[in-house]
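Structure record follows, encoded as structure tokens.
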Amino acid sequence: MEENARQMLERCLEEEAQLQFDSLSPADIWRLGCILKELADACGKPMAVEIKVNGLLRFRYYPTGAGEYYNMVMTRKHNTANVLEKSSLRFYAENQISGLDPAKDMLLDPNRFQFRGGAFPIRLRDGCVIGSIVAAGGAHTEDHALIVRGLTRYFAKKQ
């Protein structure tokens, strides 16, 4: 059962405040991507992950069973995190609380934006969002959780 939207929003705000980067090099992206790939493989279903920085695709993992549909969903997820500068799960929770329909009330095209979880902004400590991490293949909350687990493991290894 999905947690209630207010709890989800609070958790997302905490995650976004904690999981920020001082800097992000190509080597850092590779390490993070490899952690995400390992976690995706452990899910027991085809889970794909991508990392985009400054509009460039810097890491992509599509296992057997992940095809063009995943690509379409992941593009929408990247758009959500990059344009709104928040996780797509946070956006989902905010809409659940407010009762807004993003397509109708915000004029966001559902062919370009994802209104559920699975995208996380790459934010530098100075507040600048420079990209996003996305996952697809599970329930939207599972996709989000995979990213958060990956970021948590990444930052724990950096210390």
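A Förster radius of 25 Å combined with the Cβ-Cβ distance from ASP109 to VAL129 puts the calculated FRET efficiency at roughly 0.75. Each stretch of four or more DSSP H residues adds -39500 (n - 2.57); spread over every residue of the chain, this sum gives -16500 deg cm²/dmol at 222 nm.
ARG123 sits among other residues whose Cβ lies under 15 Å from its own Cβ, and their net charge, with Lys and Arg +1 and Asp and Glu -1, is -3.
Take the Kirkwood radius over Cα pairs of segment 64-116, plug it into Stokes-Einstein at 10 °C and 1.306 mPa s, and you get 138 µm²/s for translational diffusion. What the Cβ-Cβ distance of GLN96 and ASN71 gives, at R0 = 30 Å and to the nearest 0.05, is a FRET efficiency of 0.65.
Between CYS34 and GLU3, the FRET efficiency from the beta-carbon distance, with R0 = 30 Å, is close to 0.55. A Cβ-based charge dipole, computed about the Cα centre of segment 5-158 with Lys and Arg at +1 and Asp and Glu at -1, lands at about 300 debye.
The separation of segment 84-131 from segment 138-159, counted between C-alpha centres, amounts to 18 Å. Charges on Cβ only, +1 for Lys and Arg, -1 for Asp and Glu, centred on the Cα centroid of segment 5-158; of GLY131, PRO26, ALA66, which one is farthest towards the dipole's positive end? Result: PRO26. Working from label points 7 Å from Cα in the Cα-to-Cβ sense, the VAL83 to ASP41 distance is 3.5 nm. Taken along its three principal axes, the alpha carbon spread of segment 1-82 comes to 35, 34, 25 Å, from the longest extent down to the shortest. Normalised by residue count, segment 73-159 yields a Cα convex hull volume of 99 Å³ per residue. The eigenvalues of the Cα gyration tensor, multiplied by 5 and square-rooted, give the chain an equivalent ellipsoid with semi-axes of 22, 18, 16 Å from largest to smallest.
No lab work stands behind these numbers, since they all come straight from the coordinates. None of these values were measured; they are calculated from a predicted model. Virtual Cβ from ideal backbone geometry, glycine too; neighbours counted across all protein chains shown.
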